[in-house]
Amino acid sequence: MTLILEQLLNGLQLGVMLFLLAAGLTLVFGIMGVINLAHGSLYMVGAYAAAFAAKLTGSFLLAIPAGLAAAALTGMAVEYLVIRHLYARDHLDQVLATFGLILFFNQTIILLFGRQPLFVQIPPALSGAVDLGLFPYPAYRLCIIAAGLLSAGALFLLIQRTRLGMLVRAGATHREMVQALGVDIRLLSTIVFGLGALLAGFAGLMAGPLLSVQVGMGEQILILTFVVVVIGGLGSVAGAFWSALLVGLVDTSLRAFLPQILRGMMAGSEADALASGISAMGVYLLMALVLLIKPKGLFPGHA
Amino acid sequence: MSALLVIDDLTKNFGGLRVTDHVCLDLRAGEVHALIGPNGAGKTTLISQIMGEITPEGGSIRLDGVDMGKLSQAQRVRRGLARTFQVPQVLSDYTARDNVVAALYARGASPDEAMQHLARANMDGRADVRVSDLSHGERKQLELAIALATRPRMLLLDEPMAGLGPVESAQMIAILQGLRGDMAMLLVEHDMKAVFALADRISVLVYGAIIASGAPDEIQNDPRVREAYLGTGED
Amino acid sequence: MRKLIASALGLALLLAWPFIAEKMGAPALISLFTRMMILGLAASALNIALGFGGLVSLGHAAFYGIGAYAIGISTTHAISGLPFLGLLPGSDQLLVNVLVAMLVSGCAAAIIGALALRTSGIQFIMITLAFAQMVFFLFLALKAYGGDDGLTFRRRNVLFDLNMRDDATFFYVTLGFLLVWLAVCARVLHSRFGLLLGGIRQNERRMQAVGVNTFRVKWIAFIISGMGAGLAGALMANLGRFVSPDLMHWTTSGELLIMCVLGGSGTIVGPVLGAFALMGLEATLNTWTEHWQAILGPLLVLMVLAFKGGLARIGGDKP
């Protein structure tokens, strides 16, 4: 029982990370109609900047603003230099250009930091475990869950309650109308893109101490984020939230429990092989199922 | 005369807006039935529902007694429904002939038929011109030729006169006159000259509901219609 | 006419290439050109979906990799003598294995296509990429066939009495497959099917309105496209006598897209030219610096931005 709860928390932790990425991706799509393959690069930039700052200063607290700033500034620069010229283009052009950005970012990181992964220490204050009554749980992971949920809450407030959020919601469906109101939609786009980059960078810097910080980390999580966005429904932030949690939970539980379940049914080695195969495919099969039932996703936004 | 297409109690909402409000309509074989009404009355939406592009929430559509409700668009076309679009939806990289040939291939017919359908829409002289080089009026005629290539029994025309100058309009009216009797037509149109030149019967659609239906002179003299539509629509 | 002369010259150059490379004292260039032709074949396969059907698939590396694995798995079973799943015997015959590879990748394309084609636009791109990643992870987890180490086999598959060990011979075999494939493409695209597919690319709504089951046409195009990618994978597996999940890394899907657009996605031969151009560029940049991707990336961005209305305008016009 405690094992199940522990895995649920692990799933929740993966889920909030995926949400931080999916939110930016889906907002950028919603307001600008752009597919950005380089969104994962911003996650990587955040992770590297934070890891580098932590190594230089020895302080995780200083690493946080470093990662956030690096990701947001990189994101806004990318929007200004490249993405804004792609709004009116077809998706193929967007794919090609942002694919070029990925090549550039990955290779630049290799030039700067080499191919060896960087390892980041969990900050000492969070390196212990918290006793949750039934079982102890790593404090750092708990912290990620809390930070992720808080960011999600703040994002919803931002979208629902502020002028910026109102413009974002309106801009997604009535681009011309927002322009007619005298709003600089270019500036709005840059800000939204920067916001998405900020969230991606936040996810990246939090992931640093859990995973190794290495080139290619962005694309791996990006593709998983695509699964989240497809399941949740393109353009819907709420859909991205629930779908991210679902994907996080399904992925974690399959990896944790499937080998034991299958071992009860067949020989150990075969069970392990089958389990690793199925759990590697799990969330993609979930996506296939959703596509069969609701091709537009569970919480479809606008077209 | 027996009814070919029977629409019964058709209802459709877009969000909170009722765009088709319990519409009942009988279209007889071979007749030209005009559907008029102000902009936003739901005329195009009605055509889209008959074709199966949009699914209604309630009511039924029957062609020759067969319920169309469950049929795909392709199946409806095979049973004799065809439509044109107000803004021409043509294949701009192809020649006029290949546009018609695509429709012929869709039902497994020989490409040799293409010229005969182009001729009925007065487009045989432009068969080998690329669509991107055709004028707006010619594209409207091509729309018609493509629809004819599916061999419709019931042709749904979505504003065939829209955007045409006086000469082109007269030509389009003549083309449609030439088709009279070969198939039934539902003519959605704002151009009253064309409507009164072509229609055997007229129905008036306002805010998704049919407010009047009858022979052209009845409609012309119906006070409700004059108030809702003709009063402002006549030029 | 100019096109015909250019094609003839290109073909003559390819036919003479093994001799030229020998004369230059650089026999490694033979295999480089074989690789280019194989990826060109894969790109022209992708282009049936992309250029002719308007379907932006970012997942063709999966079909390419599946084709390669079909070869790897069949060949290792032929060597070990143990049947696959205890049922199917392996084979070391190239023609048999190529057919198997195309069949298997065609089935994969049928399944993935049936799901992905329920959507369009950005979702379609994301879904094809995601399913390709699923296939990648599946083979990574497949320890029975090497997992992330992949599969190595000692000899290329057998074709008649040819000495397949010889790189020049394998070059000509690949060229033969490429020409047959391009001829099949030309045949398919100039048929009724090709006309309908092109119509759907231009205006799907119009094609639905004349009674075309557009899903089915796109699905068939996607399957043919996947089969071609599988054929390319089968040849690549034979070239290196090695298959691994790396073959289906998602960047391969991206590179295939670039090849199509670079060479002209509206033509049948264009993607092959695109493959030669991109791989030639990569090889050249590689001689300057190992960090050539840091140059290629921005170059790609600039090309997209500089040619308004799409990169395809550089390569050539629509048919």
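The values are calculated or read from the model by the stated rules, or taken from the named source; none is laboratory data. Keep in mind that this is a model prediction, so the values were computed, not measured. Here the Cβ is made from the backbone with ideal geometry for all residues, glycine too, and neighbour counts use every protein chain on show.
Taken together, the criteria place B:G58 among residues that are surrounded by fewer than 16 Cβ atoms within 10 Å (Cβ to Cβ) and not aromatic (F, W, Y).
Yes or no, residue by residue, for (1) in a strand (DSSP E or B); (2) under 19 Å from C:V210 (Cα atoms); (3) aliphatic (A, V, I, L, M); (4) free of Cβ contacts under 8 Å to residues at least 60 places away in the same chain:
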position: B:I173; (1), (2), (3), (4): no, no, yes, yes
position: B:V204; (1), (2), (3), (4): yes, no, yes, no
position: B:D217; (1), (2), (3), (4): no, no, no, yes
position: B:R226; (1), (2), (3), (4): no, no, no, yes
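Only a single item in (1) at pLDDT 90 or above; (2) within 29 Å of B:R62 (Cβ to Cβ); (3) small (G, A, S) is not met by B:G208, and it is number (1). Does A:L68 qualify as being over 23 Å from C:H291 (Cα atoms) and either without any contact (Cβ under 8 Å) to a residue 24 or more places away in the chain or part of a loop (DSSP other than H, G, I, E, B) (or both)? For A:L68, the condition - over 23 Å from C:H291 (Cα atoms) and either without any contact (Cβ under 8 Å) to a residue 24 or more places away in the chain or part of a loop (DSSP other than H, G, I, E, B) (or both) - is not met. Taking the conditions exactly as written (within 14 Å of another protein chain (Cβ to nearest Cβ) and not in a helix (DSSP H, G or I)), does A:L224 satisfy them or not? In short, no. Considering only residues in segment B:81-93 that are more than 12 Å from the chain's Cα centre (by Cα) and more than 7 Å from chain C (Cβ to nearest Cβ), the one that is surrounded by the most Cβ atoms within 10 Å (Cβ to Cβ) turns out to be B:P88.
Can you find a residue in segment C:183-192 that is closer than 21 Å to C:M102 by Cα, in contact with a strand residue (DSSP E or B) (Cβ under 9 Å, 6 or more places away or on another chain), away from chain B (no Cβ under 14 Å) and surrounded by fewer than 22 Cβ atoms within 10 Å (Cβ to Cβ)?
no
Okay, residues lined up against (1) aromatic (F, W, Y); (2) in a helix (DSSP H, G or I); (3) within 12 Å of chain A (Cβ to nearest Cβ):
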site	(1), (2), (3)
C:M37	no, yes, no
C:A62	no, yes, yes
C:N97	no, yes, no
C:V104	no, yes, no
C:I111	no, yes, yes
C:A114	no, yes, yes
C:F124	yes, yes, yes
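Exactly one of (1) surrounded by 24 or more Cβ atoms within 10 Å (Cβ to Cβ); (2) in the same structural domain as B:D191 (by TED's automatic domain parsing) is unmet by B:E143. Its number? Status for B:E143: all satisfied but (2). Residues in segment A:273-291 that are facing chain C (nearest Cβ under 7 Å) and modelled with pLDDT of 85 or more: 5 in all.
Among the residues of segment A:63-113, those identified as over 16 Å from A:V45 (Cβ atoms), among the hydrophobic types (A, V, I, L, M, F, W, C) and more than 7 Å from every other protein chain (Cβ to nearest Cβ) are A:L86, A:A88.
Annotation for segment A:30-43: at least one member residue is farther than 24 Å from C:I258 by Cβ and part of a helix (DSSP H, G or I).
Tell me, please, whether a residue that is more than 30 Å from C:G113 (Cβ to Cβ), at pLDDT below 80, part of a helix (DSSP H, G or I) and more than 8 Å from chain C (Cβ to nearest Cβ) can be found in segment A:261-268. Yes: one or more hits. C:G198 passes every criterion in (1) farther than 30 Å from C:S31 by Cβ; (2) of a type outside the set (A, V, I, L, M, F, W, C); (3) at pLDDT 95 or above apart from (3). Within segment B:98-135, the residues that satisfy the criterion of being among the basic types (K, R) and either under 21 Å from B:M183 (Cβ atoms) or away from every other protein chain (no Cβ under 11 Å) (or both) are B:R107, B:R120, B:R126. Whether a residue is within 25 Å of B:I47 (Cβ to Cβ), surrounded by fewer than 17 Cβ atoms within 10 Å (Cβ to Cβ) and under 21 Å from the mean Cα position of the chain (by Cα) was assessed, and B:R107 passes this test.
Considering only residues that are outside any strand (DSSP E or B), buried (at least 19 other Cβ atoms within 10 Å of the Cβ) and not charged (D, E, K, R), which ones fall in segment A:109-144? Within segment A:109-144, A:I109, A:V120, A:Y140, A:I144 meet the criteria. Scanning segment A:201-225 for residues that are at pLDDT 90 or above and of a type in the set (S, T, Y) yields a single hit, A:T225. Looking at this structure, is A:P209 part of a loop (DSSP other than H, G, I, E, B), more than 14 Å from chain C (Cβ to nearest Cβ), in contact (Cβ under 8 Å) with a residue 24 or more places away in the chain and not small (G, A, S)? So A:P209 passes the test. Condition first: more than 9 Å from every other protein chain (Cβ to nearest Cβ), free of Cβ contacts under 8 Å to residues at least 40 places away in the same chain and surrounded by fewer than 21 Cβ atoms within 10 Å (Cβ to Cβ). Can you find one or more residues in segment C:128-143 that meet it? No, there is no match, as no residue in segment C:128-143 is more than 9 Å from every other protein chain (Cβ to nearest Cβ), free of Cβ contacts under 8 Å to residues at least 40 places away in the same chain and surrounded by fewer than 21 Cβ atoms within 10 Å (Cβ to Cβ).
Taking the conditions (1) surrounded by fewer than 21 Cβ atoms within 10 Å (Cβ to Cβ); (2) at pLDDT 90 or above; (3) over 22 Å from the mean Cα position of the chain (by Cα) in turn, C:G176 satisfies each one other than (3). Within segment B:54-74, track down each residue that is on the phi < 0 side of the Ramachandran plot and among the charged types (D, E, K, R). B:E57, B:R62, B:D67, B:K70 - these are the residues of segment B:54-74 that are on the phi < 0 side of the Ramachandran plot and among the charged types (D, E, K, R). Can you tell me which residue in segment B:135-164 is nearest to B:V101 (Cα to Cα), limited to those that are part of a loop (DSSP other than H, G, I, E, B) and touching a residue at least 40 places away in the same chain (Cβ under 8 Å)? Per the stated criteria, the residue is B:T150. From the list C:R216, C:R206, C:R201, C:R241, which residue is at the interface with chain B (Cβ under 10 Å from one of its Cβ atoms), under 22 Å from C:H60 (Cα atoms) and either in contact (Cβ under 8 Å) with a residue 40 or more places away in the chain or buried (at least 21 other Cβ atoms within 10 Å of the Cβ) (or both)? Checking each option against the conditions leaves just C:R201.
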